[in-house]
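A short worksheet on the structure shown next.
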């Protein structure tokens, strides 16, 4: 039996075949692929805000309520890149940090996560962003110089394509080989804003991602708020979801900032 404890952070991943996952507990990385078939117990013991570090209930994205509304790492532009103003020299919460995040190359992409969706990511987050979303296919369709430009393209395209991942569809997907993202890209090109056509990118390589995961018969999610202690046998991982025998799933990213005790039995 092994035991670990600490603050949950987003699982680290390495794009191998299949993806290799590492649970991050206060900086200690636990290789989850080695734990398939083992019985895990997760026990919620408290909170640790990812910004201030205090034991306050997590409000969203790993932040306590105060930090969520004050930290530049939780600003509106993180969720809605079209609101970015760093390229104009206008601060939202902290201009220097916002410049660091926003004034760098971004990619607009199509991804298949049980259905085709559009999204935006910093180039430095490729392919991590797609792995975190559980995308089986991803295709860059525009390359921009900053976050605002990518956000404006996404705003136009999401009138015709979803921009959110449906977690149930993602976990219940059967891996449809007939999904042609390049063809889909051609069909939505007409919706690119005229002033942003110059960022359109054609002929990009299609990314295919293989997960240590098999579609379960049923899918049920749980949180440590409603189930502060859970025991189950680990069967697979996709996106940021740990899957257990019987179809129980927990979204690890949705629990950033939670402190837990993890017990591993054979």
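The values are calculated or read from the model by the stated rules, or taken from the named source; none is laboratory data. Model, not experiment: these values are computed from the prediction. Cβ atoms come from the backbone with ideal geometry, glycine included; neighbour counts cover every protein chain shown.
Some notes on this structure:
- Of the residues making up the range 2-59, those that are at positive phi and either in contact (Cβ under 8 Å) with a residue 40 or more places away in the chain or buried (at least 17 other Cβ atoms within 10 Å of the Cβ) (or both) number 3.
- Count of the range 60-74 residues which are touching a residue at least 24 places away in the same chain (Cβ under 8 Å) and farther than 12 Å from residue 257 by Cβ: 2
- All helices (runs of 4 or more DSSP H) inside the range 22-128 with 1 or more residues being modelled with pLDDT under 95: 76-79
- Among the residues making up the range 151-180, those that are loosely packed, with under 13 Cβ neighbours inside 10 Å, at pLDDT 95 or above and more than 17 Å from the chain's Cα centre (by Cα) are 159, 160.
- A search for C-beta distances below 8 Å between a residue of the range 127-140 that is on the phi > 0 side of the Ramachandran plot and any residue that is assigned to a helix (DSSP H, G or I), counting only pairs 6+ apart in sequence or on different chains, returns 134/167; 134/170; 134/171.
- Of the set (1) buried (at least 18 other Cβ atoms within 10 Å of the Cβ); (2) on the phi < 0 side of the Ramachandran plot; (3) within 20 Å of the chain's Cα centre (by Cα), all apply to residue 114 but (2).
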